[in-house]
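Just below is one structure, and these are the notes that go with it.
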Amino acid sequence: MQSLTDEEMVRDTEALIAHIGGLADCNLSRMVIGGHCMGGRVALLAAGSISGFKAVADFWGGNVMTAKGREAPTVIDMIKDITCPVVGFFGNDDQNPSPEDVDRLEQELNKHGIDYSFHCYEGAGHAFQNFLNEKNYREKQAEDAWQKAVAFFNEAVA
């Protein structure tokens, strides 16, 4: 994972879209993207690089103030290029992203007029949906976030 670059992650996402776009049951006009941890970062990166997404869900994507394999642009720099609504789920006890990082992300979304909603959970840290990790898992927050994410995606593609 350390050697992955932002360009490679965008190319991989473009290749995935091209592949699923060729499937008989796929409707790319209803395409959404989401991810947890690095996947949340990749979801924001992809939405800032590739058009056509109807919605983005970021589950505690960290390191958005850095670029991987290049100096710039960072993911936070690319927020201005997102053309769909964003939902974010964060634990207030997390340090990557920290509450300050979440505030900065929110400022960028506001600055560029991007529709978003953030849900920040008290008593939750990084990976609070990981039911395999008793230390991090927070059942109430995990269930709430999942229900909100599914509703958000359903509304975006309705």
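Here are some notes:
- Filter pass, residue 150 being within 16 Å of the chain's Cα centre (by Cα), loosely packed, with under 12 Cβ neighbours inside 10 Å and not in a strand (DSSP E or B): yes
- Residues located in segment 94-118, provided they are of a type in the set (D, E, K, R) and touching a His at 6+ places or on another chain (Cβ under 8 Å): 94
- Meets criteria (touching a residue at least 12 places away in the same chain (Cβ under 8 Å) and surrounded by fewer than 16 Cβ atoms within 10 Å (Cβ to Cβ)) for residue 61: no
- Annotation: residue 89 fulfils all but one of (1) loosely packed, with under 14 Cβ neighbours inside 10 Å; (2) among the aromatic types (Phe, Trp, Tyr); (3) in contact (Cβ under 8 Å) with a residue 12 or more places away in the chain; the unmet one is (1).
- Against the test of being closer than 15 Å to residue 84 by Cβ and touching a helix residue (DSSP H, G or I) at 6+ places or on another chain (Cβ under 9 Å), the options 31, 1, 9 yield a single qualifying residue, 31.
- Single residue of segment 1-34 satisfying the filter (in a loop (DSSP other than H, G, I, E, B) and either within 20 Å of the chain's Cα centre (by Cα) or of a type in the set (Asp, Glu) (or both)) that is surrounded by the most Cβ atoms within 10 Å (Cβ to Cβ): 31
- Residue match in segment 119-126 (condition: within 22 Å of residue 6 (Cβ to Cβ) and not in a helix (DSSP H, G or I)): yes
- Taken over segment 102-131, the criterion of being small (Gly, Ala, Ser) and under 15 Å from the mean Cα position of the chain (by Cα) is satisfied by 117, 127.
- Which listed residue, of 102, 56, is among the β-branched types (Val, Ile, Thr), in contact with a strand residue (DSSP E or B) (Cβ under 6 Å, 6 or more places away or on another chain) and not in a strand (DSSP E or B): 102
- You will find that of 136, 96, 130, 63, the residue that is part of a loop (DSSP other than H, G, I, E, B) and on the phi > 0 side of the Ramachandran plot is 63 and no other.
- Inclusion of residue 79 among residues that are part of a helix (DSSP H, G or I), closer than 24 Å to residue 102 by Cβ and either basic (Lys, Arg) or touching a residue at least 24 places away in the same chain (Cβ under 8 Å) (or both) is warranted.
- Which numbered condition residue 142 misses (of (1) outside any helix (DSSP H, G or I); (2) in contact with a Phe, Trp or Tyr (Cβ under 9 Å, 6 or more places away or on another chain); (3) among the small types (Gly, Ala, Ser)): (1)
Values in this text are rule-based calculations from the coordinates and carry no lab data. Quick caveat, the model's predicted, so the values are computed rather than measured. Neighbour counts are summed over all protein chains in view; Cβ atoms, including those assigned to glycine, are modelled from backbone coordinates with ideal geometry.
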